[in-house]
Amino acid sequence: MAIFIFALLPFVCSSQNHTEKIIYQRSYKHIIHELTSGLSYQIMLHGFLLWASMGFLMPIGILVIRMSNRQECRRRLKIILYIHATLQVLSLLLVTAAAIMSIRNFENSFKNNHQRIGLALYGAIWLQTGTGFLRPDRGSKGRSIWFSVHWLLGITVSILGIINIYTGLQAYHTKTLINTGVWNLAFTVEIAVIMFIYLLQEKWHYVKQSRVILSNEPIRPTDQETSSTDEKKELSAMPSSSEPC
(Lines give C-alpha, C1' and ligand atoms only; values in the text may rest on other atoms or scores of the structure.)
Protein backbone atom coordinates (compact mmCIF):
# COMPACT_ATOMS: atom_id res chain seq x y z
CA MET A 1 0.00 0.00 0.00
CA ALA A 2 2.82 2.38 0.89
CA ILE A 3 4.55 1.55 -2.39
CA PHE A 4 1.30 2.37 -4.24
CA ILE A 5 0.99 5.75 -2.47
CA PHE A 6 4.61 6.70 -3.23
CA ALA A 7 4.02 5.74 -6.86
CA LEU A 8 1.05 8.11 -7.06
CA LEU A 9 2.86 11.07 -5.45
CA PRO A 10 4.47 12.39 -8.69
CA PHE A 11 1.09 12.41 -10.44
CA VAL A 12 -0.58 14.17 -7.51
CA CYS A 13 2.19 16.81 -7.38
CA SER A 14 2.02 17.30 -11.14
CA SER A 15 -1.75 17.68 -10.99
CA GLN A 16 -1.45 20.17 -8.12
CA ASN A 17 1.15 22.23 -9.99
CA HIS A 18 -1.03 22.24 -13.10
CA THR A 19 -4.03 23.39 -11.04
CA GLU A 20 -1.99 26.17 -9.41
CA LYS A 21 -0.76 27.28 -12.85
CA ILE A 22 -4.33 27.46 -14.18
CA ILE A 23 -5.44 29.44 -11.10
CA TYR A 24 -2.50 31.84 -11.52
CA GLN A 25 -3.27 32.36 -15.21
CA ARG A 26 -6.94 33.00 -14.49
CA SER A 27 -6.04 35.41 -11.67
CA TYR A 28 -3.54 37.25 -13.90
CA LYS A 29 -6.08 37.51 -16.72
CA HIS A 30 -8.63 38.83 -14.21
CA ILE A 31 -6.19 41.51 -13.03
CA ILE A 32 -5.42 42.53 -16.61
CA HIS A 33 -9.16 42.64 -17.37
CA GLU A 34 -9.85 44.84 -14.34
CA LEU A 35 -6.94 47.14 -15.29
CA THR A 36 -8.10 47.40 -18.88
CA SER A 37 -11.76 48.00 -18.05
CA GLY A 38 -11.08 50.37 -15.13
CA LEU A 39 -8.08 52.46 -16.16
CA SER A 40 -7.71 52.04 -19.90
CA TYR A 41 -9.62 55.22 -20.77
CA GLN A 42 -7.75 57.34 -18.18
CA ILE A 43 -4.37 55.99 -19.27
CA MET A 44 -5.08 56.58 -22.96
CA LEU A 45 -6.41 60.09 -22.32
CA HIS A 46 -3.38 60.88 -20.15
CA GLY A 47 -1.08 59.72 -22.93
CA PHE A 48 -2.97 61.66 -25.59
CA LEU A 49 -2.78 64.89 -23.57
CA LEU A 50 0.96 64.49 -23.09
CA TRP A 51 1.51 63.72 -26.77
CA ALA A 52 -0.59 66.70 -27.87
CA SER A 53 1.34 68.95 -25.50
CA MET A 54 4.94 67.74 -25.62
CA GLY A 55 4.89 65.82 -28.88
CA PHE A 56 3.00 68.31 -31.05
CA LEU A 57 2.22 71.80 -29.70
CA MET A 58 5.62 72.40 -28.07
CA PRO A 59 7.70 71.43 -31.15
CA ILE A 60 5.39 73.39 -33.47
CA GLY A 61 5.78 76.42 -31.20
CA ILE A 62 9.56 76.13 -31.50
CA LEU A 63 9.38 75.93 -35.29
CA VAL A 64 7.10 78.99 -35.36
CA ILE A 65 9.36 81.19 -33.22
CA ARG A 66 12.37 80.27 -35.35
CA MET A 67 10.61 82.01 -38.25
CA SER A 68 11.33 85.33 -36.51
CA ASN A 69 15.12 84.99 -36.63
CA ARG A 70 15.53 87.02 -39.84
CA GLN A 71 12.14 88.69 -39.89
CA GLU A 72 12.31 92.51 -40.06
CA CYS A 73 8.61 93.34 -40.38
CA ARG A 74 7.34 94.35 -36.93
CA ARG A 75 3.75 93.36 -37.70
CA ARG A 76 4.81 89.86 -38.74
CA LEU A 77 7.06 89.59 -35.69
CA LYS A 78 4.09 90.30 -33.42
CA ILE A 79 1.95 87.70 -35.20
CA ILE A 80 4.70 85.09 -34.88
CA LEU A 81 5.19 85.92 -31.20
CA TYR A 82 1.45 85.65 -30.44
CA ILE A 83 1.19 82.30 -32.23
CA HIS A 84 4.22 80.99 -30.34
CA ALA A 85 2.86 82.17 -26.98
CA THR A 86 -0.59 80.68 -27.69
CA LEU A 87 0.87 77.29 -28.59
CA GLN A 88 3.06 77.24 -25.48
CA VAL A 89 0.20 78.22 -23.16
CA LEU A 90 -2.03 75.52 -24.67
CA SER A 91 0.80 73.03 -24.17
CA LEU A 92 1.10 74.07 -20.52
CA LEU A 93 -2.65 73.67 -19.96
CA LEU A 94 -2.67 70.17 -21.47
CA VAL A 95 0.34 69.11 -19.37
CA THR A 96 -1.42 70.43 -16.26
CA ALA A 97 -4.57 68.45 -17.12
CA ALA A 98 -2.49 65.29 -17.65
CA ALA A 99 -0.72 65.85 -14.29
CA ILE A 100 -4.05 66.26 -12.48
CA MET A 101 -5.30 63.04 -14.06
CA SER A 102 -2.16 61.25 -12.91
CA ILE A 103 -2.52 62.48 -9.32
CA ARG A 104 -6.20 61.57 -9.09
CA ASN A 105 -6.31 58.22 -10.91
CA PHE A 106 -2.86 56.63 -10.93
CA GLU A 107 -0.41 55.33 -8.38
CA ASN A 108 2.35 57.90 -8.00
CA SER A 109 5.11 56.14 -6.10
CA PHE A 110 7.78 57.57 -8.46
CA LYS A 111 9.44 54.18 -8.76
CA ASN A 112 9.75 54.29 -12.55
CA ASN A 113 11.47 56.67 -14.95
CA HIS A 114 8.22 57.88 -16.50
CA GLN A 115 6.95 59.36 -13.23
CA ARG A 116 10.31 60.84 -12.26
CA ILE A 117 10.86 62.49 -15.64
CA GLY A 118 7.26 63.67 -15.60
CA LEU A 119 7.76 65.46 -12.27
CA ALA A 120 10.92 67.20 -13.52
CA LEU A 121 9.19 68.04 -16.80
CA TYR A 122 6.21 69.60 -15.05
CA GLY A 123 8.44 71.92 -13.04
CA ALA A 124 10.58 72.83 -16.05
CA ILE A 125 7.64 73.70 -18.31
CA TRP A 126 6.14 76.05 -15.71
CA LEU A 127 9.52 77.72 -15.26
CA GLN A 128 9.99 78.04 -19.01
CA THR A 129 6.54 79.58 -19.45
CA GLY A 130 7.23 82.02 -16.62
CA THR A 131 10.43 83.22 -18.25
CA GLY A 132 8.49 83.71 -21.48
CA PHE A 133 6.16 86.22 -19.82
CA LEU A 134 9.18 88.06 -18.35
CA ARG A 135 10.62 88.74 -21.81
CA PRO A 136 12.55 92.05 -21.87
CA ASP A 137 12.40 94.39 -24.85
CA ARG A 138 14.81 94.00 -27.74
CA GLY A 139 18.03 95.93 -27.23
CA SER A 140 17.65 96.03 -23.44
CA LYS A 141 20.47 95.10 -21.09
CA GLY A 142 19.30 91.66 -19.97
CA ARG A 143 17.90 90.53 -23.30
CA SER A 144 20.83 88.24 -24.20
CA ILE A 145 20.81 86.57 -20.76
CA TRP A 146 17.04 86.06 -20.90
CA PHE A 147 17.26 84.63 -24.41
CA SER A 148 19.91 82.09 -23.36
CA VAL A 149 17.94 80.96 -20.30
CA HIS A 150 14.65 80.74 -22.19
CA TRP A 151 16.26 78.85 -25.07
CA LEU A 152 18.01 76.36 -22.76
CA LEU A 153 14.79 75.74 -20.83
CA GLY A 154 12.86 75.24 -24.07
CA ILE A 155 15.38 72.70 -25.36
CA THR A 156 15.38 70.89 -21.99
CA VAL A 157 11.59 70.73 -21.87
CA SER A 158 11.39 69.45 -25.44
CA ILE A 159 13.97 66.69 -24.88
CA LEU A 160 12.40 65.61 -21.58
CA GLY A 161 8.96 65.63 -23.17
CA ILE A 162 10.05 63.38 -26.04
CA ILE A 163 11.82 60.97 -23.67
CA ASN A 164 8.80 60.89 -21.36
CA ILE A 165 6.47 59.94 -24.20
CA TYR A 166 8.65 56.93 -24.97
CA THR A 167 8.85 55.94 -21.30
CA GLY A 168 5.08 56.36 -21.02
CA LEU A 169 4.52 53.97 -23.91
CA GLN A 170 6.85 51.49 -22.24
CA ALA A 171 4.99 51.82 -18.92
CA TYR A 172 1.66 51.30 -20.73
CA HIS A 173 3.02 48.14 -22.34
CA THR A 174 4.28 46.86 -18.98
CA LYS A 175 0.90 47.39 -17.29
CA THR A 176 -1.41 46.13 -20.03
CA LEU A 177 0.84 43.87 -22.16
CA ILE A 178 -0.53 45.71 -25.20
CA ASN A 179 1.95 46.06 -28.05
CA THR A 180 2.97 49.71 -28.51
CA GLY A 181 5.38 49.18 -31.40
CA VAL A 182 3.12 50.98 -33.89
CA TRP A 183 2.83 54.04 -31.63
CA ASN A 184 6.60 54.10 -31.06
CA LEU A 185 7.21 53.96 -34.80
CA ALA A 186 4.62 56.66 -35.57
CA PHE A 187 6.05 59.00 -32.94
CA THR A 188 9.60 58.38 -34.18
CA VAL A 189 8.56 59.30 -37.73
CA GLU A 190 6.89 62.47 -36.44
CA ILE A 191 10.01 63.53 -34.52
CA ALA A 192 12.16 62.83 -37.60
CA VAL A 193 9.93 65.10 -39.73
CA ILE A 194 10.05 67.87 -37.12
CA MET A 195 13.85 67.62 -36.91
CA PHE A 196 14.11 67.80 -40.70
CA ILE A 197 12.02 70.99 -40.76
CA TYR A 198 14.09 72.39 -37.88
CA LEU A 199 17.34 71.86 -39.78
CA LEU A 200 15.80 73.08 -43.04
CA GLN A 201 14.85 76.37 -41.37
CA GLU A 202 18.51 76.91 -40.54
CA LYS A 203 19.61 76.51 -44.18
CA TRP A 204 16.57 77.98 -45.94
CA HIS A 205 17.96 81.54 -45.71
CA TYR A 206 21.15 80.49 -47.49
CA VAL A 207 19.14 78.66 -50.14
CA LYS A 208 17.14 81.83 -50.83
CA GLN A 209 20.33 83.90 -50.97
CA SER A 210 21.83 81.47 -53.50
CA ARG A 211 18.75 81.84 -55.69
CA VAL A 212 19.03 85.63 -55.54
CA ILE A 213 22.70 85.52 -56.52
CA LEU A 214 21.97 83.22 -59.45
CA SER A 215 19.10 85.42 -60.62
CA ASN A 216 21.31 88.55 -60.47
CA GLU A 217 23.98 87.24 -62.82
CA PRO A 218 24.75 89.83 -65.55
CA ILE A 219 22.98 89.17 -68.84
CA ARG A 220 23.56 91.27 -71.98
CA PRO A 221 20.23 92.99 -72.67
CA THR A 222 18.77 93.63 -76.10
CA ASP A 223 17.46 97.05 -77.20
CA GLN A 224 13.88 96.06 -76.38
CA GLU A 225 14.86 94.82 -72.93
CA THR A 226 16.83 98.03 -72.32
CA SER A 227 13.82 100.22 -73.08
CA SER A 228 11.55 98.14 -70.87
CA THR A 229 14.11 98.33 -68.07
CA ASP A 230 14.19 102.13 -68.34
CA GLU A 231 10.41 102.24 -68.09
CA LYS A 232 10.53 100.07 -64.95
CA LYS A 233 13.11 102.39 -63.41
CA GLU A 234 10.89 105.40 -64.09
CA LEU A 235 7.92 103.64 -62.52
CA SER A 236 9.97 102.61 -59.49
CA ALA A 237 11.13 106.20 -59.03
CA MET A 238 7.51 107.34 -58.61
CA PRO A 239 6.33 107.62 -54.99
CA SER A 240 4.58 104.50 -53.76
CA SER A 241 1.22 104.77 -52.04
CA SER A 242 1.55 101.43 -50.19
CA GLU A 243 2.21 101.49 -46.46
CA PRO A 244 5.48 100.11 -45.11
CA CYS A 245 5.46 96.69 -43.45
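The values are calculated or read from the model by the stated rules, or taken from the named source; none is laboratory data. Note that the structure is predicted; figures quoted are calculated from it, not measured. Positions of Cβ are generated from backbone atoms using ideal geometry, with glycine treated the same way; all protein chains shown enter the neighbour counts. Areas reflect the complete protein model, heavy atoms only, side chains present, ligands, DNA and RNA absent. Shrake-Rupley method; radii C 1.70, N 1.55, O 1.52, S 1.80 Å.
Data table
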| item | result |
| --- | --- |
| Kirkwood Rh (inverse of mean 1/r, distinct Cα pairs), segment 74-209, angstrom | 17.5 Å |
| Solvent-accessible area of M44 with every protein chain in place, 1.4 Å probe, in Å² to the nearest 10 | 120 Å² |
| Two-site label geometry, R143 and S109: point separation in nm, points 7 Å out along Cα→Cβ | 5.3 nm |
| Solvent accessible area, Å² - T156, 1.4 Å probe, full protein context | 70 Å² |
| Alpha-carbon spread of segment 46-131, three principal axes, descending order, Å | 51, 18, 17 |
| Estimated dipole of segment 88-197 in Debye, rounded to 20 [Cβ of Lys and Arg +1, of Asp and Glu -1, Cα centre] | 280 debye |
| Relative contact order of segment 108-197, pairs being alpha-carbon contacts under 8 Å that are 6 or more residues apart, as % | 28 percent |
| Accessible area of W146 in the full protein assembly, 1.4 Å probe (Å², nearest 10) | 40 Å² |
